[in-house]
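The values are calculated or read from the model by the stated rules, or taken from the named source; none is laboratory data. In this text, all values refer to a predicted model and were calculated from it rather than measured experimentally. Cβ placement follows ideal geometry from the backbone for every residue including glycine, while neighbour counts extend to all protein chains displayed.
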């Protein structure tokens, strides 16, 4: 199984992660031993296409080809707007973000449509590589809003709170707003039969809420296990 490094979904340092553990646990239920490798996602896709590996994850917006077969969604990435409750900000549309000091991930302007492109043109808009700093930037008022995947934000917030003594701050002081559609993540296989069996086993695994247990394992009591 090949993947890229992107905590908490995929974590190279510990050969784990939410997406990794979900897929690995399903494969282990099927009787497979899973060896994990990390590389940029474009490369992992090519390696699976060339049958140098059996599967890669995550992948988005894909249809089956002659070389690749895609699973049912195993998790949804959830682009979310975060702000501090004390700032009393309300967001009902992407245009409500205009002019605010906004921090988001690299390439975000290419994902969320024309309205978000307009937001990205303002001088207070910033795309940064190191997403681990985003919760701290929000808490310390270095920005007004963060746009980031729900799980990534809460994972790094949890890490920040573990490292720092923050008696004056808790997770309930953050507001979150769902202005963007969820993005379903799949697993790509080179073998159709393996994909079909994975789908069957994953749906059983999901019906037993095992995927929710994995999310809870990484995020603890920071967010509801969902």
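A few comments on the model shown:
- Residue in region 39-52 that is farther than 21 Å from residue 152 by Cβ and in contact with a helix residue (DSSP H, G or I) (Cβ under 8 Å, 6 or more places away or on another chain) present: no
- Selection over region 46-61 of residues that are in a loop (DSSP other than H, G, I, E, B), touching a strand residue (DSSP E or B) at 6+ places or on another chain (Cβ under 7 Å) and under 16 Å from residue 194 (Cβ atoms) gives a count of 2.
- Only one of the numbered conditions (1) surrounded by fewer than 16 Cβ atoms within 10 Å (Cβ to Cβ); (2) touching a strand residue (DSSP E or B) at 6+ places or on another chain (Cβ under 9 Å) is violated by residue 118, and that is (2).
- Positions within region 65-115 being surrounded by 18 or more Cβ atoms within 10 Å (Cβ to Cβ), closer than 28 Å to residue 24 by Cα and free of Cβ contacts under 8 Å to residues at least 40 places away in the same chain, in sequence order: none
- Restricting 117, 146 to those that are in the same structural domain as residue 103 (by TED's automatic domain parsing), in a strand (DSSP E or B), more than 17 Å from residue 11 (Cβ to Cβ) and in contact with a helix residue (DSSP H, G or I) (Cβ under 6 Å, 6 or more places away or on another chain) reduces the list to 146.
- Residue 125 touching a strand residue (DSSP E or B) at 6+ places or on another chain (Cβ under 9 Å), closer than 15 Å to residue 8 by Cα and crowded, with 18+ Cβ neighbours inside 10 Å: no
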